[in-house]
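Just so it is clear, none of the values below were taken in a lab; they were calculated from the coordinates. Since we're looking at a predicted model, the values are computed, not measured. Counting neighbours? That spans all protein chains shown, and the Cβs are built from the backbone with ideal geometry, glycine included.
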Amino acid sequence: MNNYYHLSPEEPVLIMIERDQGSSICSISSLLNRSLSIVCREIKRNLGAETSRYCTITTTRLYKVE
């Protein structure tokens, strides 16, 4: 059985800040103490269609709905 964990509300914001500063996915995963695959999936899920930038607005809305 797999265990799934949600990111805290602060973690997507930290991912956005770190990506904007040019940090690698590997360094972000170390900073958050999360696996590389979790951070990679989070970024992939929430890339803006027009800008190709990670956007936390989408994640915040979806998190509140669930």
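Things worth noting here:
- Under 14 Å, Cβ to Cβ, from C40 - net charge with Lys/Arg +1 and Asp/Glu -1: +2
- Counted by neighbouring Cβ atoms within 10 Å, the residues V13, V39 run from fewest to most as V13, V39.
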